[in-house]
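The values are calculated or read from the model by the stated rules, or taken from the named source; none is laboratory data. All values derive from a computational prediction rather than experimental measurement. Here the Cβ positions follow ideal geometry from the backbone for every residue, glycine too, while neighbour counts run over all protein chains shown.
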Amino acid sequence: MRDSRRVFRTVTAGLAAAMAVLFVACGNKKETVKVTNAAAETQQSAAEQKSSDAKLSPAPGESSGAEESAGSDKSSAGVKKLSSELQKYEKNQISIAYPVISGMKDSAQQEKLNAHLKENALAVLSNYPDSREAVNQEKDSLKVSCKLISADASRVIAVYTGEYMMDGAAHPSRLFYTNTVDVKTISDVSLRDAADPYTMAAYALAEDVQLKGADEETLRAYREQQKTMSVEQYQTCLERGDFPLKKGADGTTVTWPDSFSYAADGALYFSVPVPHAMGDYVIVEYDISTK
């Protein structure tokens with residue numbers, strides 16, 4: 001399987017050929033790799049993190065990032081903001097940043113929240129592209145950075161971007177994933193909790209679709225891709241997107257989602273896979289306030 005992934009990464013000539021690969025990736029079982037990178041600068045060790053009401057200290061083998069927010073402020077919605085910092089998992093050429101939350105009154109709940117955030121951030125190691133062929137932490141290279149979109153008493157939203165280079169591959173792949181967690185229930189929130197997957201799939205194929213941060217060249221290429229895709233294909237991507245991870249067609253293998261989403265500033269953002277020549281993924285922006 002790793003050999004097949006290596007071959008796939010060398011085939012980047014021509015959008016039509018890449019579309020055939022995309023059809024598989026966006027349908028049922030994922031047979032290709034599409035990881036993503038942005039600037040990766042984070043990592044940590046296998047040591048257990050410890051939580052308290054105060055700011056956490058890095059565990060042995062981990063490094064700490066800058067604090068993301070000040071503790072007792074309140075958001076515009078009147079929800080108490082929580083303090084946060086970034087820590088890193090590091091091993092060989094593996095580096096993954098993840099958020100650590102502090103400032104909660106319930107220290108036990110805070111510990112559960114931090115354990116859940118860390119588990120999902122590092123899930124890419126054992127489930128990308130699926131659990132049958134995990135990232136080789138001895139030979140592969142994976143750099144993932146984390147941006148905390150928000151952290152308050154209601155929800156924590158983390159966005160991960162990175163780059164994965166499989167040992168022997170022709171080129172790296174870009175990776176994008178997100179995690180929205182309900183603080184009270186310590187449960188993952190997905191696109192399906194905020195919108196109808198079919199409606200979002202139809203929007204991804206609409207002429208007026210907005211792509212976050214896309215240049216004209218990428219937008220033109222995406223217009224061509226739209227002609228080859230169906231609402232049902234994108235609907236499948238979105239229905240099986242986000243955490244928690246789901247099992248594949250065999251009922252056993254855990255597969256990495258083809259799409260991840262998050263909400264911010266009155267908009268819903270979700271990724272859809274594209275050929276490597278286009279950047280491996282694009283992010284669709286759906287303005288909730290105007291719909």
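Only one residue in Tyr203, Tyr160, Tyr164, Tyr177 is assigned to a strand (DSSP E or B), more than 30 Å from Gln109 (Cα to Cα) and either touching a residue at least 24 places away in the same chain (Cβ under 8 Å) or not basic (Lys, Arg) (or both), so which one is that? Just one listed residue meets the conditions, Tyr164. Of Val231, Val209, Val189, all but one fail to be closer than 28 Å to Tyr98 by Cα and modelled with pLDDT of 95 or more; the exception is Val189. Is segment 236-244 home to any residue that is without any contact (Cβ under 8 Å) to a residue 12 or more places away in the chain, charged (D, E, K, R) and assigned to a loop (DSSP other than H, G, I, E, B)? No, segment 236-244 has no match at all.
Tyr234 meets each of the listed conditions (1) in contact with a strand residue (DSSP E or B) (Cβ under 6 Å, 6 or more places away or on another chain); (2) more than 25 Å from Ser150 (Cβ to Cβ); (3) of a type in the set (Phe, Trp, Tyr) apart from (1).
Considering only residues that are more than 18 Å from the chain's Cα centre (by Cα) and surrounded by fewer than 19 Cβ atoms within 10 Å (Cβ to Cβ), look in segment 187-208 and name the one that is farthest from Val231 (Cα to Cα). Result: Asp208. Among all positions in segment 113-120, there is no residue which is among the basic types (Lys, Arg), within 16 Å of the chain's Cα centre (by Cα) and under 27 Å from Val282 (Cβ atoms). Exactly one residue out of Lys118, Lys143 is out of contact with any Leu (no Cβ under 6 Å at 6 or more places or on another chain) and in a strand (DSSP E or B): that is Lys143.
Of everything in segment 213-239, what is farther than 19 Å from Ala277 by Cβ and loosely packed, with under 15 Cβ neighbours inside 10 Å? Give them in sequence order. Those that are farther than 19 Å from Ala277 by Cβ and loosely packed, with under 15 Cβ neighbours inside 10 Å: Ser230, Glu232. Screening segment 240-261 for residues that are surrounded by 23 or more Cβ atoms within 10 Å (Cβ to Cβ) and among the hydroxyl-bearing types (Ser, Thr, Tyr) and picking the one that is farthest from Asp188 (Cα to Cα) gives Ser259. Out of (1) in a helix (DSSP H, G or I); (2) more than 17 Å from the chain's Cα centre (by Cα); (3) polar (S, T, N, Q), what's the single condition that is false for Ser126? Single failed check for Ser126: (2). Name the single residue that is surrounded by the fewest Cβ atoms within 10 Å (Cβ to Cβ) among those in segment 95-153 being under 22 Å from Ser259 (Cα atoms) and of a type in the set (Asp, Glu). This residue is Glu119.
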